[in-house]
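Visitor: If you scroll down you'll find the structure; I have some questions about it.
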Amino acid sequence: MSEQRENDELTGTLARATRLLHDEPVPRAAWREAVLEAAERADVRPLAWSVRPMVAIAACAACLILGAAITYGVLHDRMENSAREIVASEGGSVRPGHLPVRFAVEAPNAVHVSIVGDFNGWNPAGLPMHLLSDGRTWEVEVGLAPGRYAYAFVVDGRLARDSSAAESGTDDFGVPNSVVLVGGS
Amino acid sequence: MRCSVRSACGALLALGVFSAAARVAVAQAPAEPALPARLGAPAHSAIVAIMDSARAAGLPTTPLAAKAAEGVLKGADDARIVEAVRSLAKALGDARAALGPAADASVLDAGASALRAGVTPAALHSLGEAGAAPSGPTALATALVTLVDFVAKGVPPALASQSIEQLLRLGAPESRFETLRNEVEADIRDGQSPEAAVTSRVRTNVQQLGAPGVPHPPSSPPSVPESTR
């Protein structure tokens, strides 16, 4: 009895399978087709550059050149401006409202002499002095706006007062400066 | 391939525009005074904070950076440098309060020097009012410089500020203050006391400025005192 039922079920299953094989395939949605197609294509392409290697290399080189050019331009502008400031402050072309002030110090055996003060931010490299033909006097001419300026000479790295100038009365560091008063004329 | 080249060109163009804009921004930014590298990190931070506060209050920061550089050059320790910068910033702020928002950097600098020399804020305020017109800010800066010079020579700050204020109220031009400095310097060299020299020279100048009919005396000799270039 049970054998007969099992045979009937098997026969029914086989009949359904045979019918499915003969039926038309079920139509698939368009989006599903597109996804399947894309997936298939992706499998086919092992590696794809969005930018070709040569183009990428050329672009990187162009970026480097552009960056270098910009950096050069900015630095060049800065140097030109500071050079202009120094030329103006050395009296070559004194800016309007500024007066040429000559500073001089005797340092016969010195190798390098410069002047520092309120007018150049106390920068020892800012205003080098020039040795005159007498071989002992160093001088520089600086364009200064009217005002009161504390200053000192830097003789071979050591600070030195201007013995011919007034002494500053208000030094914050216990080392008196020389003082120059500019303006009024 | 064509698409890739177009993308690369687009990226380069964008980079170029960005860089050009950055360059313009860098070029137009005001040159910020640099602090000396020798400063320790805590002192550097403290001074940067002081300078930021000064900038926010509309005060010039260049003298502050210069003060720090001066301290470094003179081998002062960091604490002393910070204190000096703070003191100068306070003087500049006090000068701003006394002289008003119209005072430019040179006037503020001279005003701060006057305060540090012992001139009171009230006296500086009066000087600012007296110098507002008709002499103008340049004469005020020169007048304050002259005032500081007198105090440095030993003239009491009250007398020096009253004398300078008198001349400013009479519209003394900038050149008058330089002449006055030279005259006082010469008188002191000749043996007069700084106080007496200022008093007599200012009286003469006031008479000249206040009485237009009075002929001016011959100008001071061309020799320039050593401290005045």
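Visitor: Any chance segment B:61-71 includes a residue that's β-branched (Val, Ile, Thr), away from chain A (no Cβ under 13 Å) and touching a Lys or Arg at 6+ places or on another chain (Cβ under 9 Å)?
Guide: no
Visitor: Please work out which one of (1) modelled with pLDDT under 90; (2) charged (D, E, K, R); (3) touching a Leu at 6+ places or on another chain (Cβ under 6 Å) is the condition B:Arg38 fails and give its number.
Guide: Condition not satisfied by B:Arg38: (3).
Visitor: A further question on this structure: Scan segment B:45-80 for residues that are among the charged types (D, E, K, R) and open to solvent by less than 10 Å² (accessible area, probe 1.4 Å) and report the count.
Guide: Result for segment B:45-80: 1.
Visitor: Select from segment B:171-202 the residues that are small (Gly, Ala, Ser) and not in a helix (DSSP H, G or I) and write down the one among them that is surrounded by the fewest Cβ atoms within 10 Å (Cβ to Cβ).
Guide: The qualifying residue surrounded by the fewest Cβ atoms within 10 Å (Cβ to Cβ) is B:Gly191.
Visitor: Would you pick out the residues in segment B:116-129 that are hydrophobic (A, V, I, L, M, F, W, C) and either in contact (Cβ under 8 Å) with a residue 40 or more places away in the chain or surrounded by fewer than 22 Cβ atoms within 10 Å (Cβ to Cβ) (or both)?
Guide: Those that are hydrophobic (A, V, I, L, M, F, W, C) and either in contact (Cβ under 8 Å) with a residue 40 or more places away in the chain or surrounded by fewer than 22 Cβ atoms within 10 Å (Cβ to Cβ) (or both): B:Ala117, B:Val119, B:Ala122, B:Ala123, B:Leu127.
Visitor: Just give me the residues in segment A:116-142 being touching a Leu at 6+ places or on another chain (Cβ under 7 Å) and within 12 Å of chain B (Cβ to nearest Cβ), in sequence order.
Guide: Matches in segment A:116-142: A:Val116, A:Phe119, A:Asn120, A:Trp122, A:Pro124, A:Val142.
Visitor: Identify the residue in segment B:92-118 that is within 12 Å of chain A (Cβ to nearest Cβ) and part of a loop (DSSP other than H, G, I, E, B) and, among all such residues, is modelled with the lowest pLDDT.
Guide: Checking each candidate, the answer is B:Asp104.
Visitor: If you don't mind, there's one more thing I want to ask. Take segment B:81-107 and flag every residue that is β-branched (Val, Ile, Thr) and open to solvent by 10 Å² or more (accessible area, probe 1.4 Å).
Guide: Selection gives B:Val82 alone.
Visitor: A further question on this structure: Please specify each residue of segment A:143-161 satisfying the condition of being among the charged types (D, E, K, R) and facing another protein chain (nearest Cβ under 9 Å).
Guide: Once the filter is applied, which keeps residues that are among the charged types (D, E, K, R) and facing another protein chain (nearest Cβ under 9 Å), segment A:143-161 yields only A:Arg148.
Visitor: Residue check: is A:Ala56 part of a helix (DSSP H, G or I), modelled with pLDDT of 80 or more and within 11 Å of chain B (Cβ to nearest Cβ)?
Guide: The answer is no for A:Ala56.
The values are calculated or read from the model by the stated rules, or taken from the named source; none is laboratory data. Note that the structure is predicted; figures quoted are calculated from it, not measured. As a convention, Cβ positions derive from the backbone with ideal geometry for all residues, glycine included, and neighbour counts pool all protein chains shown. Areas reflect the complete protein model, heavy atoms only, side chains present, ligands, DNA and RNA absent. Shrake-Rupley method; radii C 1.70, N 1.55, O 1.52, S 1.80 Å.
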